[in-house]
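Bear in mind these aren't lab numbers, they're just calculated from the coordinates by the rules spelled out. This is a predicted model, so every value here is computed, not measured. Cβ: placed from backbone, ideal geometry, glycine included. Neighbour counts: every protein chain shown.
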Amino acid sequence: MSDAKSYEPGHHPSLPPPKNLVGWQRWVWDNLFGTVTNTILTLLSIYLLYLILPGILDYFIFDAVVNASSRAECAELGSGACWAFIGDRFSVFIYGFYPDELRWRPNLTFILLILALIPVLYDNTPFRKYGLYFSLAFPIIAAILMVGGVFGLEQVDTRLFGGVLLTIVIGVTGITFSLPLGIILALGRYSNLPAIKVVCTVFIEFIRGVPLITLLFVASTMLSYFLPPGTNFDLLLRVLIMVTLFASAYMAEVIRGGLQSLPKGQFEAADAMGLKYWQTMRLIILPQALKISIPGIVNTFIGLYKDTTLVIVIGMLDVLGVAKSAVSDPVWNGLSVEIYVFVAAFFFVCCFGMSRYSMYLENKLHTGHKR
Amino acid sequence: MKLKSILVAGAALAMTATVANAATLEDVKASGELNCIVTTGLVGFAYTDANGRWNGFDVDFCRATAAAVLGDGDKVKFVPTTGKTRFTALSSGEGDLLYRNTTVTMSRDADLKLTFLGVNYYDGQGFMVNKALGVTSAKQLNGASVCIQTGTTTELNLADYFRAQGMSYEPVPIETNEEARTNYLSGRCDVYTTDASGLAATRATFENPKDHILLPEIISKEPLGPAVRQGDDAWADATRWVLNALIEAEEYGITAANADEMAANPPNPNIARILGAEGNYGEMIGLDNQWALRAIKAGGNYGEIFDRNLGPNTEIGLERGLNALWSNGGILYAPPIR
């Protein structure tokens with residue numbers, strides 16, 4: 001007590017909390033060994049991990065083969081996963097059948113896609129206003145780059161699209177166009193004008209009542225019968241339209257949920273201020289409704305993105321389809337585990353990214369609704 | 001991406017597209033590309049390699065046809081289809097020729113309005129069992145559990161066969177070949193049944209293929225053959241005779257390597273007719289007289305195509321069996337080119 005100092009009232013410095021109440025020790029105590037049940041569960045989990053992990057690590061990492069030229073060679077070199085297969089087929093998984101010498105075009109498009117996304121996703125991007133103009137123009141630029149046929153760019157048949165490239169084309173198109181379309185449909189269904197309301201409701205209910213796979217079949221086969229014989233209406237375009245319509249119907253209902261959660265007073269206040277319909281929506285209603293709908297919207301995005309694998313049923317080879325057709329190569333036949341792990345990892349990265357961004361957005365926008 | 005601009009592009013395409021009519025041969029020549037319908041992936045028959053290039057037994061016939069019609073075996077646009085979309089892809093004009101391990105049946109010929117050109121692979125449904133079971137004939141399979149792909153003709157064939165034999169079985173329904181492989185290896189079913197070529201291809205991927213045998217009984221006829229739209233005889237003739245020419249070529253020993261030499265100095269009149277040194281058989285089917293020469297040079301004769309994709313020296317290791325020439329004990333028999 002000899003070195004005790006005295007402080008003026010109110011000037012005592014804050015002391016750090018006791019050692020055993022902070023840091024990882026505390027976290028471990030609180031979360032893993034706090035109670036008898038927790039302790040038992042923790043030990044049980046550790047035991048389970050001990051049982052499973054070595055096998056998994058051996059299979060996927062330690063015994064895995066990275067360099068080989070066939071499945072037989074893989075089997076000789078190690079008993080684990082044969083990643084050599086993925087390596088061998090990597091460019092097909094990414095670009096599908098896109099011509100080798102033109103692959104700079106999807107590459108450039110992908111870089112531009114990222115540049116176009118930044119101003120949309122982050123509002124403190126420098127020169128955001130101009131960036132947004134670029135984002136608006138991006139779909140047209142991307143289509144020109146990817147398909148070509150104008151400005152001296154060699155035309156590339158969309159049948160050659162495949163792999164990750166095709167997945168991203170369908171996913172990004174669906175996501176980009178289903179949101180505005182969904183907003184319009186939701187507003188239409190929420191409208192007081194009977195004609196608009198009926199049209200939107202019928203559309204939404206019809207599309208939601210039909211599985212995506214049916215719509216894809218309609219796109220790939222039925223349309224060919226309806227259109228004049230021989231009309232070559234690009235298959236990819238048909239699929240893009242169907243996927244967008246499908247996602248927009250779900251989107252509309254998610255956004256309608258957001259609209260309905262707004263109290264009537266918001267509409268009345270806007271009316272009282274003399275705002276017109278679109279002003280009301282743009283300035284008062286949609287900013288709130290969309291913010292509330294974020295989890296649902298991202299949910300729809302992620303669902304849509306994963307649904308793109310369904311295009312294999314109409315013979316389009318997305319990342320999973322390319323993988324399946326590659327595994328039919330007698331040299332690599334029977335390596336489906338590697339394929340599925342690879343495809344799962346790809347989808348996880350994409351979907352987890354979307355999910356994290358939506359959490360960032362919710363945090364940024366939370367202004368009182370959050371508990 | 002890009003709805004608006006694709007719409008514009010689509011509309012432009014729609015306007016410029018030629019109306020498919022009965023003159024597929026002219027259309028193919030005009031567009032300079034053969035749209036060939038293949039499967040999305042079947043071991044040995046159609047698959048993609050590391051450069052995204054299509055390979056396989058069916059694919060080689062597509063290339064040979066393109067070589068005969070267009071002069072270049074690489075002028076093929078492959079239209080991958082599933083079992084459900086293959087026929088609509090053909091009838092809607094997305095593809096001009098179907099080489100998709102498709103069984104020739106009466107209903108497909110008559111009801112689906114297809115014209116089959118012949119048979120390029122004689123398949124049949126077989127059984128695979130573990131050697132350790134000691135089974136040597138399908139007639140000993142009473143009470144066995146059978147891995148069977150649901151919704152296929154193989155399922156119906158299996159039921160028919162067991163009923164006819166007065167035996168019972170326990171079906172283990174599975175969806176894909178890969179699922180069947182896993183279930184069979186883990187012992188969930190004693191028997192795996194599907195087309196014999198598929199069984200052989202699956203067995204080739206086992207760690208110890210020798211531990212498993214294919215039973216001698218083949219319980220169904222699955223003649224796989226190419227097809228075109230009904231009502232376009234000129235196109236059907238051209239494509240049918242390409243297939244026949246490849247089979248004839250094997251019979252007369254014309255290979256990709258010696259075709260040029262044989263065309264210059266035909267050892268006998270048959271070869272001279274096939275290779276265009278005599279007569280004008282190519283012109284009769286709307287092509288030129290070097291049609292078969294180019295088709296053979298694109299990927300070899302029937303035997304070479306078989307050996308490269310399915311034969312004993314490949315991972316799949318199928319014997320010719322029924323698919324040997326009639327002169328070698330098989331039933332492969334092409335009408336003469338004369």
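Cross-link list B:K75/B:K297; A:K324/B:K210; B:K29/B:K77; B:K84/B:K113; A:K197/A:K291; B:K29/B:K75: which exceed 18 angstrom alpha carbon to alpha carbon?
On the way: B:K75/B:K297 15 Å; A:K324/B:K210 26 Å; B:K29/B:K77 13 Å; B:K84/B:K113 16 Å; A:K197/A:K291 23 Å; B:K29/B:K75 11 Å.
Among B:K75/B:K297; A:K324/B:K210; B:K29/B:K77; B:K84/B:K113; A:K197/A:K291; B:K29/B:K75, the Cα-Cα distance tops 18 Å for A:K324/B:K210; A:K197/A:K291.
Can you give me the pair-distance distribution of segment A:24-85, C-alpha pairs, 5 Å bins, whole percents?
Taking every Cα pair in segment A:24-85, the percentages come to 4, 18, 15, 12, 9, 9, 9, 9, 8, 6, 1.
What FRET efficiency, computed as 1/(1 + (r/R0)^6) with R0 = 22 Å and r the Cβ-Cβ distance, is obtained for A:V210 and A:K306, rounded to the nearest 0.05?
Rounded to the nearest 0.05, the efficiency is 0.75.
Give me the distance between the Cα centres of segment A:318-335 and segment B:34-62, rounded to whole Å.
After rounding, the separation between the Cα centres reads 12 Å.
For a quick check: sort B:T103, B:T48 by the number of other beta carbons within 10 angstrom, fewest at the front. All intermediate terms of the calculation are to be shown ahead of the outcome.
Numbers: B:T103 16, B:T48 30.
Exposure proxy ranking, most exposed first: B:T103, B:T48.
Once you sort the root eigenvalues of the Cα gyration tensor of segment B:219-332 as a ≥ b ≥ c, which label holds: rounded (a/c under 1.5), prolate (a/b larger than b/c) or oblate (the other case)?
Oblate shape, in that a/c is at least 1.5 and b/c is the bigger or equal ratio.
Would you order A:V331, A:V198 from fewest to most other beta-carbon atoms within 10 Å of each residue's own beta-carbon?
Ranking A:V331, A:V198 by Cβ neighbours within 10 Å, fewest first, gives A:V198, A:V331.
Putting +1 on Lys and Arg Cβ atoms and -1 on Asp and Glu Cβ atoms, find which of A:T201, A:I118, A:A72 reaches farthest to the positive end of the dipole of chain A.
Toward the positive end, the furthest listed residue is A:T201.
So, R0 is 30 Å and r is the distance between the beta-carbons of A:W27 and A:L49; what FRET efficiency does that work out to, to 0.05? Before the final figure, lay out the partial values.
Details: r = 18 Å, r/R0 = 0.62.
For A:W27 and A:L49, the calculated efficiency is 0.95.
Kindly identify chain A as rounded, prolate or oblate by the Cα gyration tensor criterion: order the square roots of the eigenvalues as a ≥ b ≥ c, call it rounded if a/c is under 1.5, otherwise compare a/b with b/c, prolate if a/b is larger, else oblate.
Judged from the Cα gyration tensor, chain A comes out oblate (a/c at least 1.5, b/c at or above a/b).
Quick check on chain B: helices-only [θ] at 222 nm, where DSSP H runs of length 4 and up contribute -39,500 (n - 2.57) each and the sum goes over total residues. Nearest 500, please. Mind dumping the intermediate values first?
Values: 14 runs with 128 residues, N = 338.
Theoretical 222 nm ellipticity from helices: -11000 deg cm²/dmol.
Which chymotrypsin sites (Phe, Trp or Tyr not before Pro) in segment A:122-207 sit in a loop by DSSP (not H, G, I, E or B) and have at most 11 other Cβ atoms within 10 Å of their own Cβ?
A:F127, A:F151
Considering only DSSP beta bridges where both residues belong to chain B, give the percentage that are antiparallel (nearest 5).
About 55 percent, rounded to the nearest 5.
Size of the dipole of segment B:125-220 about the Cα centre, Lys and Arg at +1 and Asp and Glu at -1 on the beta carbon, nothing else charged, in debye to 20?
Taking the Cα centre of segment B:125-220 as origin, the dipole is about 280 debye.
With +1 on each Lys and Arg Cβ and -1 on each Asp and Glu Cβ, how big is the dipole of the protein assembly as shown about its Cα centre, in debye rounded to the nearest 20?
Roughly 3060 debye, rounded to the nearest 20.
Residues of segment B:126-150 with the amide nitrogen closer than 19 Å to a label point 7 Å from the Cα of B:M167, along Cα-to-Cβ, please.
B:126-149
Please tell me the relative contact order of chain B in percent, rounded to the nearest whole number, where contacts are Cα pairs under 8 Å and at least six residues apart.
Numbers: 605 pairs, mean separation 68.6, N = 338.
20 percent.
Go ahead and collect, in residue order, the members of segment B:311-335 whose backbone nitrogen is under 15 Å from a label point 7 Å along the Cα-Cβ direction of B:N268.
B:326-328, B:334
When the dipole is taken about the Cα centre of chain A, and only Lys, Arg (+1) and Asp, Glu (-1) are charged at their Cβ, what size is it in debye, to the nearest 20?
1400 debye
Once label points are set 7 Å from the Cα along Cα→Cβ at both A:A344 and A:N299, what is their separation, rounded to one decimal in nm?
If labels sit at A:A344 and A:N299, their model points lie 2.4 nm apart.
Rounded to whole Å and sorted largest first, what semi-axes of the equivalent ellipsoid does the C-alpha gyration tensor of segment B:125-220 yield via the square root of 5 times each eigenvalue?
In descending order, the three semi-axes are 18, 15, 12 Å.
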